[in-house]
Amino acid sequence: MEISINKDSKSASLKAAKLVAELISKKPDAVLGLATGGTPLELYDELVRMHKNDGLDFSKVKSFNLDEYLGLPASDPASYRRFMDENFFDKINIDKANTFIPDGLAKDARAHCAEYEEKIRAMGGIDLQVLGIGADGHIGFNEPLSSFSSRTGVRVLAPETLKDNARFFGGDENKVPRLAISMGVGTIMDARKIVLLAFGKSKSEAVEGMIEGPVSAFIVASILQFHESAHVFIDEDAAYRLTRKDYYKWVENANVF
Ligand code: PGA
């Protein structure tokens, strides 16, 4: 795991955007794994800026989102399809036909999940997966005790997640769908590169568990310790519980990556 501790979310997001841009420059038809939530917004803003100012070209890029609420139509203001269109896809030159998000209204959710996995495989697998982390250590909607080898499937949201996501539903956690379709932990681990972002004190326990804790399904993100190319970009607040913070800065400053 490569850890980058930054003074704020903006500088962390700029570094993460650089990794994404480098990949697209090298491989114009790269397959991106994308995330929703408050965390990746500055990353998307920077990629939009690079598209407008530096000509970063998304025309051949393909993308797969981590998850979608079950029961929400794409047109719902809280759907992840709407989130991605409004915050990213509508601002760049990606072909919408190449942007895949699980269908929250899939009639046969199980079959839909299997097809989603198959589509990822058929496109050659995910080159770079963007991740946030839940305060309970989840990645995607893989809540505590999710199987490390799980594939795309239906997930039950944890009570903490309902609370955390209520802000996207007018502050009412009863309006947050209880179920979602999510890539599995195994699906995420198959990505060739991982870029995880985490900001703020509310994420510091999960970040500590992910980086310094034992690998345990209790903090699902800790499995990333086994990933050969996992890059973690955090701010000082998210880093404040880390015991070896100075060491991580020392390694980053050695500038060998
Ligand atoms: P957030 O969610 O970016 O809205 O904090 C992250 C997550 O739950 O993975």
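Derivation of every value follows stated rules applied to the coordinates shown; laboratory data play no part. Quick caveat, the model's predicted, so the values are computed rather than measured. Every residue, glycine among them, receives a Cβ derived from its backbone with ideal geometry; neighbour counts consider all protein chains shown.
222 nm [θ] for the chain, helices only, -39500 (n - 2.57) per DSSP H run of 4+, per residue, to 500? Numbers along the way, then the final one.
On the way: 9 runs with 88 residues, N = 257.
Estimated from H runs of four or more residues: -10000 deg cm²/dmol.
Give, in nm to one decimal, the length gained when the segment between Lys26 and Val215 is fully stretched (0.36 nm per residue of separation minus the Cα-Cα distance).
64.7 nm
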Project the alpha carbons of region 89-143 onto their principal axes and report the range along each, largest first, in whole Å. 34, 31, 23
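What per residue convex hull volume, in Å³, do the alpha-carbon atoms of region 118-256 yield? Numbers along the way, then the final one.
Working: hull volume 16.0 nm³, N = 139.
Normalising the Cα hull of region 118-256 by residue number yields 115 Å³.
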Could you work out how far apart the two model spin labels at Ala74 and Glu160 are, taking each label as a point 7 Å from the Cα in the direction of the beta carbon, and quote it in nm? 3.3 nm
Report, for the chain, the % of DSSP beta bridges that are antiparallel, rounded to 5. 30 percent
Mean 1/r over all different Cα pairs, inverted: what Kirkwood radius does the chain give, in Å? 18.3 Å
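Starting from 0.36 nm per residue, how many nanometres of slack lie between Phe226 and Val251 once their C-alpha separation is accounted for? All intermediate terms of the calculation are to be shown ahead of the outcome.
Numbers: separation 25, 0.36 × 25 = 9.00 nm, distance 1.87 nm.
Taking 0.36 nm per residue and subtracting the Cα distance, the gain is 7.1 nm.
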In sequence order, what are the phi-derived ³J(HN,Hα) couplings for region 202-211 according to the Karplus relation 6.51 cos²θ - 1.76 cosθ + 1.60 with θ = phi - 60°, rounded to whole Hz, with x for glycine and proline? 5, 9, 5, 5, 4, 5, 4, x, 5, 8
Three principal axis lengths of region 15-167 [C-alpha, angstrom, descending]: 42, 33, 31
Answer in debye to the nearest 20: the dipole magnitude of the chain about its Cα centre, from +1 Lys/Arg and -1 Asp/Glu charges placed on Cβ, is 240 debye
Along the Cα→Cβ direction, 7 angstrom out, place labels at Ala122 and Arg110. What is the inter-label distance in nm? 2.2 nm
I need the phi-derived Karplus couplings for region 57-74: 6.51 cos²θ - 1.76 cosθ + 1.60, θ = phi - 60°, integer Hz, Gly and Pro marked x. 9, 9, 4, 10, 6, 10, 9, 10, 7, 5, 7, 7, 5, 7, x, 9, x, 4
Note down the magnitude of the dipole of region 143-257 about its Cα centre, charges +1 on Lys and Arg C-beta and -1 on Asp and Glu C-beta and zero elsewhere, to the nearest 20 debye. 260 debye
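When averaged across all projection directions, what area in nm² does the alpha-carbon convex hull of region 146-190 cover? All intermediate terms of the calculation are to be shown ahead of the outcome.
Values: hull surface 12.9 nm².
Over all viewing directions, region 146-190 projects a mean Cα-hull area of 3.2 nm².
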Using the Cα atoms as the points, what is the convex hull volume per residue of region 27-90 in Å³? 88 Å³
Farthest toward the dipole's positive end in region 131-193, which of Val176, Ser149, Asn165, given Cβ charges of +1 (Lys, Arg) and -1 (Asp, Glu) about the Cα centre? Ser149
Taking H placed 1.01 Å from N in the peptide plane, check which residues at least 5 places from Gln129 or on another chain put their amide H under 5 Å from its amide H. Gly33, Lys193, Ile194, Val195
Which ³J(HN,Hα) values, rounded to whole Hz and listed in residue order, are derived for region 126-132 from phi using the Karplus coefficients 6.51, -1.76 and 1.60 in 6.51 cos²θ - 1.76 cosθ + 1.60 with θ = phi - 60°, glycine and proline given as x? 8, 6, 8, 10, 7, 9, x
